[in-house]
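The values are calculated or read from the model by the stated rules, or taken from the named source; none is laboratory data. Everything numeric in this text was worked out from a predicted model, so none of it was measured. Virtual Cβ from ideal backbone geometry, glycine too; neighbours counted across all protein chains shown.
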Ligand code: DX5
Ligand code: ZN
């Protein structure tokens, strides 16, 4: 019998305490790292408790990145929570191998995977946390029937496939709507779902998405494009906090981080 997410292994907040505290979490995306030196690149972002791993199949998205053997090779060298963002269709044939490679969460796309309920149940049964991702053209309401199975929702703020694209502000209402759905779901069930965004996150856009309700911010080029990654991650988190508090202006945060764009 497949387990429900609540019954599978430890809770998301136990694995990533920042998620429990409701603090914005910066998740570096390895897609923008130097692929000739992946292990060392990963070590430069070790201050972040969450690592985003973009798996692309050249079919669901027009690009191919890396897959299970690479993730498996990296796993022993990091303590971070490994979240595999699977831009793969169909994804079902690969779930067991991904669990075996040591990922902590699998984030699958609603688009291109017909039997989403079955897919999400299988991920939980494998002992992994369950993430779902929505492309920009997909409305938030498609998740209404699967919220009980989900630990993390990832809103794509670019069309998936490539790093370094420009943030789509048109996705902000969707983030707000999902934040509301998550609150309502928590009132009903007592279970908190983490809301994330992926694509075009930098010092300027981080406060916009946290003000809209996002708590997990995937950042590729804005982290790996800088030499001092720990300082960059800290600056992004400060910008994210500023958006959440709504108090300080984005310019204040940028002014305190001269190395940032
Ligand atoms: C894009 C990937 C993203 C990518 C984000 O399809 O899903 O995770 O790494 O890159 P940036 O942060 O550069 O937009
Ligand atoms: Zn991604």
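Give me a count of the residues in segment 152-176 that are in contact with a helix residue (DSSP H, G or I) (Cβ under 6 Å, 6 or more places away or on another chain) and either away from ligand 2 (no atom under 16 Å from the Cβ) or in a helix (DSSP H, G or I) (or both).
Residues in segment 152-176 being in contact with a helix residue (DSSP H, G or I) (Cβ under 6 Å, 6 or more places away or on another chain) and either away from ligand 2 (no atom under 16 Å from the Cβ) or in a helix (DSSP H, G or I) (or both): 4 in total.
Would you be able to tell me the number of residues in segment 225-237 that are crowded, with 21+ Cβ neighbours inside 10 Å and either closer than 14 Å to residue 198 by Cβ or out of contact with any strand residue (DSSP E or B) (no Cβ under 7 Å at 6 or more places or on another chain) (or both)?
Going through segment 225-237 one residue at a time, the tally reaches 3.
This table checks each residue for (1) surrounded by fewer than 20 Cβ atoms within 10 Å (Cβ to Cβ); (2) on the phi < 0 side of the Ramachandran plot; (3) away from ligand 2 (no atom under 14 Å from the Cβ).
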| position | (1), (2), (3) |
| --- | --- |
| 41 | yes, yes, yes |
| 77 | yes, yes, yes |
| 86 | no, yes, no |
| 94 | yes, yes, yes |
| 100 | yes, yes, yes |
| 114 | yes, yes, yes |
| 124 | no, yes, yes |
| 145 | yes, yes, yes |
| 148 | yes, yes, yes |
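Looking at segment 67-86, can you tell me whether even one residue there is modelled with pLDDT of 95 or more, more than 22 Å from residue 132 (Cα to Cα) and out of contact with any helix residue (DSSP H, G or I) (no Cβ under 9 Å at 6 or more places or on another chain)?
yes
Scan segment 43-66 residue by residue and report those that are within 15 Å of ligand 2 (Cβ to nearest atom) and either under 13 Å from the mean Cα position of the chain (by Cα) or under 12 Å from residue 224 (Cβ atoms) (or both). Spell out how you get there, then give the answer.
We begin by selecting, within segment 43-66, every residue within 15 Å of ligand 2 (Cβ to nearest atom); these are 45, 48, 50-57, 60-66.
Those that are within 15 Å of ligand 2 (Cβ to nearest atom) and either under 13 Å from the mean Cα position of the chain (by Cα) or under 12 Å from residue 224 (Cβ atoms) (or both): 45, 48, 50, 51, 52, 53, 54, 55.
Could you say whether any residue in segment 245-258 is farther than 22 Å from residue 162 by Cβ and either at pLDDT 95 or above or in contact with a strand residue (DSSP E or B) (Cβ under 6 Å, 6 or more places away or on another chain) (or both)?
no
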